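Remarks on the structure that follows.
Bear in mind these aren't lab numbers, they're just calculated from the coordinates by the rules spelled out. Since the model is a prediction, treat every value here as computed from it, not as a measurement. Here the Cβ positions follow ideal geometry from the backbone for every residue, glycine too, while neighbour counts run over all protein chains shown.
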Amino acid sequence: MLSPLRLALSLLLTVLATPCLASDLPEAVREALRTARIAESAVAIIVQPVDASPALIAHNAEHAMNPASVMKLLTTYAALDLLGPAWTWQTTAWSDARAVDGRLGGNLYLKGSGDPRFAIEHLNALLRQLRVRGIRHIAGDIIIDRSAFAVPEIDPGAFDDQPMRPYNVSPNAFLLNFHSLQFSLQANAGTVQLWQETPSEGLRLDNRLRATAGPCTSDWKDQLNIRLINETAGPHLLFEGSLASSCGEKTLALAPLTASAYVDGLIRAQWRELGGTLDGRIDDGSLPPGARQLARHESPPLADAIRDINKFSNNVMARQLFLCLGNDSAPATTERARQRIADWLSRRGIAAPELVIDNGAGLSRTARISAGSLNRLLLDAWRHPAMPELIASLPIVGIDGTMKKRLKGSPLAGRAHIKSGTLEGVKSAAGYGQDAAGRRYTVIFLINDPRAAAGSPALDALLRWLGEQGHSRSTARNG
């Protein structure tokens, strides 16, 4: 029987030999949180081997928290399982009349299915199919069928009072080029040149920008004041403000037009560039019974789309994908998408009783999930046949995506696939990391605090700490 002294010494040695008790935070993480003045009660962290061995850290694991863009992990994993990595979207062209001598006597119908990245080049290819089939003139209207989604348009300025930012675009079954216009700006010799890269027939530009001296700052966009002015002669964009000459050429993406106005301007421009003419309007409507399919565009597979969603945290694409989960048997609604995800989680045995999901992108003040639920999701995904596709979609620390500049050049670069998230008052990250011995872990990191923006060093400290684990095993194996 051990004496009290020897027993105490044995317990002390056991504690010292343990990398980190499940209820504890590494000291480097604690120090970073103290420096940022973020309370540990506002933080949830889990680090657990992917083989479901006991967690190294489980701090505030079941607290419901706002995950910001980390919510995209739930949306994309559910889509991979429910739809499959090879799932594609179809955008089709139909008519209720036949073309005679290059003239289509009735309407042309363009039907969307929710493709999250149907872009200008895809529209051009779809319309070109009509031209090579001999259609030159459309005597009727071009009708856009958006009936795959039954969702109202959102106020683009409601979330953060930035109505022209492309990430605030509403979901749409016929989402075209993210409903965004791209511009190039260059300040030189006292003037600012402005080029509209994305065509939009009928939209005029009023350039009143001034070139200024001084350094080019990271907030150069904030020096611009851009307004859409609707007039009888048509809409025009007024550009006011300044751009430093030292900025060189800059690109700017804006979403100033309604979905209908955007589609109208872009389709007219593209059809005219292809040598086509149109008598009627471009309007919303439904595909009639008996219409004949003329052309079709098939998107790249879902696995490609989720790379864009997760690598670059594309909110519009995530919202589109979320709704696509809700149109398996009827037009998509937010409630159907929520219910399908809830049913899917139940079938897979992933407990998430606190889950609140409203758009699938995490661009939300009301979304909630716990670190524990995210961890259960990632552990389940690790065993799923589509695991390689999900992990390949996550940003690689120090290498690409939204984690490209984090820990760049450090030993951690390339050894963790982490989806990050940021909102005012929220800093989050979740994914998979590797220790020094090559063992893989789930990593969940959530902060909900007014000072969350200062929490990045705490995440870096956590990833560094994980990278140091298993060092003794690695040394022994390599020695």
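Worth a mention:
- Segment residue 228-residue 330, length gained on full extension (0.36 nm per residue, minus Cα span): 33.1 nm
- With the simple model of a label 7 Å out from the Cα in the direction of the Cβ, residue 201 to residue 279 spans 1.6 nm.
- Ranking of 250, 408 by neighbouring Cβ atoms within 10 Å, starting from the fewest: 408, 250.
- Taking every DSSP beta bridge that has both ends in the chain, the antiparallel portion is near 75%.
- Modelled spin labels at residue 154 and residue 53, positioned 7 Å past Cα toward Cβ, are 4.2 nm from each other.
- With a cut-off of 12 Å on the backbone N, the residues of region 36-78 near the modelled label site 7 Å out from residue 351 along Cα-Cβ are 62.
- A straight chain from residue 210 to residue 253 at 0.36 nm per residue would run longer than the Cα-Cα distance by 13.6 nm.
- Take every pair of alpha-carbon atoms less than 8 Å apart whose residues are at least six positions apart; their mean separation over the length of the chain yields a relative contact order of 22 percent.
- Pairs from 221/405; 311/419; 311/408 whose Cα-Cα separation, in the structure shown, is over 19 Å: 221/405
- Rough spin-label spacing in nm, given labels placed 7 Å along Cα→Cβ, for residue 87 and residue 219: 4.1
- Under 16 Å from residue 250, Cα to Cα: aspartates and glutamates that are on another chain or at least 8 residues apart: 197, 219, 222, 240
- Net charge dipole, region 181-254: roughly 140 debye, given to the nearest 20, about the Cα centre with Cβ charges of +1 for Lys and Arg and -1 for Asp and Glu.
- Annotation: the residues 178, 159, 322, sorted from fewest to most other C-beta atoms within 10 Å of their own C-beta, follow the order 159, 178, 322.
- Local net charge near residue 47, Cβ-Cβ under 13 Å (Lys/Arg +1, Asp/Glu -1): 0
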